[in-house]
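Down below is the structure, laid out as structure tokens.
The values are calculated or read from the model by the stated rules, or taken from the named source; none is laboratory data. In this text, all values refer to a predicted model and were calculated from it rather than measured experimentally. Neighbour counts are summed over all protein chains in view; Cβ atoms, including those assigned to glycine, are modelled from backbone coordinates with ideal geometry. For accessibility, only protein heavy atoms count, side chains too; no ligands or nucleic acids. Shrake-Rupley method; radii C 1.70, N 1.55, O 1.52, S 1.80 Å.
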Amino acid sequence: MASERESFDLSGPLHLTYVLWDNPYHRMSVAACLVQGVYILERDRQENRQGSDALAPPWWTFFHFQLLRPLVDDVDSSIFGAIYEFKPPSSQSNDTLYRSPRYVIAFRGTLTKAHSVSRDVELDIHFIRQGLHQTTRSNIAVQAVRNTVATVGDSNVWLAGHSLGSAMALLTGKTMAKDGNFIESFLFNPPFVSAPLEKIKDERVKHGIRFAGSVITAGLTLAMKAKQPKDFCLDPFTALSAWVPCLFVNPSDYLCSEYIGYFEHRRNMEDIGAGVIERLATQNSLGGLLMGAFGKEYSEPLHLIPSASLTVNVAPASDFKEAHGIHQWWKPDLSLDYKLYNYK
């Protein structure tokens, strides 16, 4: 039996009857609903809901999108993503469509259902071990984005994802940015591989731990640099700095809340004159560097990014499930804190 949260009529943003594409809340809400559409596409497949019984279509048709095609995992045949095409009614003028996308490529997160949980958890582990880029699902995602951008250009495409899907969108976005294609991206509850330092209430203790971590990480980075060829790029963030994805995090969600401290700490280090240290530390993970020091292959930390538009939902969450859920991002009474971080 379908849950209330799967039905657009029961849990979708019915209040959003008219989309202003230059309104940040509207853009966020539409992107989140398109991600939810991918979740429900897979649930429809699992429950064999077809035709009029399918619950997924209203999550995109309400905003005048069409499903161009689903993205299917080659291992378990689950639907993990979708390519949507925007088909506005002819009555809408060009002025109201300013900043609207032509295509949106969205990725769902982990589904804890028997049909897909095994593969999803396997990919979660790949992400934690900095190996998501080596999976066939990521190859399918990157190729889909490459093909779409090659057809319509990067300015006409959005990326969106939630949780594991945010990691997939982040991977594809970073890959495209390295080629000079900067795609507007909406990353909901993106996972951050780190101890949840944001849970520490004492600001001095928290800052001290972060400062010590930065010094150690910067030192290991320099040590690793000494062993690399002379043409080794010390600052790979420079090539990515012009890409500014939109991150949406909740302080009560320990899987993504560390992004708050990650960017704030960088700014604090600049303020106390330790920006040079942080420029080295901010693009490397301590765990990855330690693995490299012991002879294991070092992979670029996927979750670390140079620039971001960070939106924090500061409204209290009743539990982790609510704090990590996609539904929070289209609520009409949200209390949001917004900050822009540009890497220089």
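Listed values, structure above:
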{"item": "Residue that is modelled with the lowest pLDDT, among those in segment 64-108 that are assigned to a loop (DSSP other than H, G, I, E, B) and in contact with a Pro (Cβ under 9 Å, 6 or more places away or on another chain)", "result": "Ser100"}
{"item": "Complete set of residues in segment 111-134 that are open to solvent by less than 10 Å² (accessible area, probe 1.4 Å) and out of contact with any strand residue (DSSP E or B) (no Cβ under 9 Å at 6 or more places or on another chain)", "result": "Gly131, Leu132"}
{"item": "Residue in segment 109-122 that is farther than 19 Å from Ser78 by Cβ and not in a loop (DSSP other than H, G, I, E, B) present", "result": "no"}
{"item": "All positions within segment 318-339 that are outside any loop (DSSP other than H, G, I, E, B) and either loosely packed, with under 11 Cβ neighbours inside 10 Å or among the hydroxyl-bearing types (Ser, Thr, Tyr) (or both)", "result": "Lys321, Tyr338"}
{"item": "Check on Gln130, under 20 Å from Asp22 (Cα atoms), at pLDDT below 95 and either part of a loop (DSSP other than H, G, I, E, B) or touching a Lys or Arg at 6+ places or on another chain (Cβ under 8 Å) (or both)", "result": "no"}
{"item": "Matching residues in segment 5-32 - criterion: being among the hydroxyl-bearing types (Ser, Thr, Tyr) and in a loop (DSSP other than H, G, I, E, B)", "result": "Ser7, Thr17, Tyr18"}
{"item": "Matching residues in segment 33-91 - criterion: being open to solvent by 30 Å² or more (accessible area, probe 1.4 Å) and in contact with an Asp or Glu (Cβ under 6 Å, 6 or more places away or on another chain)", "result": "Leu55, Gln66, Leu68"}
{"item": "Answer from Arg102, Arg137, Arg108 - the residue that is basic (Lys, Arg) and open to solvent by 40 Å² or more (accessible area, probe 1.4 Å)", "result": "Arg102"}
{"item": "Residue that is modelled with the lowest pLDDT, among those in segment 253-267 that are touching a Ser or Thr at 6+ places or on another chain (Cβ under 9 Å) and over 24 Å from Met176 (Cβ atoms)", "result": "His265"}
{"item": "Any hit, segment 141-164, residues being under 18 Å from Gly81 (Cβ atoms), touching a His at 6+ places or on another chain (Cβ under 8 Å) and small (Gly, Ala, Ser)", "result": "yes"}
{"item": "Failed item in (1) among the hydrophobic types (A, V, I, L, M, F, W, C); (2) closer than 28 Å to Tyr25 by Cα; (3) open to solvent by 40 Å² or more (accessible area, probe 1.4 Å), with Ala150 passing the rest", "result": "(2)"}
{"item": "Matching entry among Lys225, Lys199, Lys230 (being at pLDDT 65 or above and either closer than 19 Å to Leu310 by Cβ or of a type outside the set (Gly, Ala, Ser) (or both))", "result": "Lys199"}
{"item": "Residue in segment 157-171 that is free of Cβ contacts under 8 Å to residues at least 40 places away in the same chain and part of a helix (DSSP H, G or I) present", "result": "no"}
{"item": "Residue tally, condition modelled with pLDDT of 95 or more and assigned to a loop (DSSP other than H, G, I, E, B), over segment 172-196", "result": "6"}
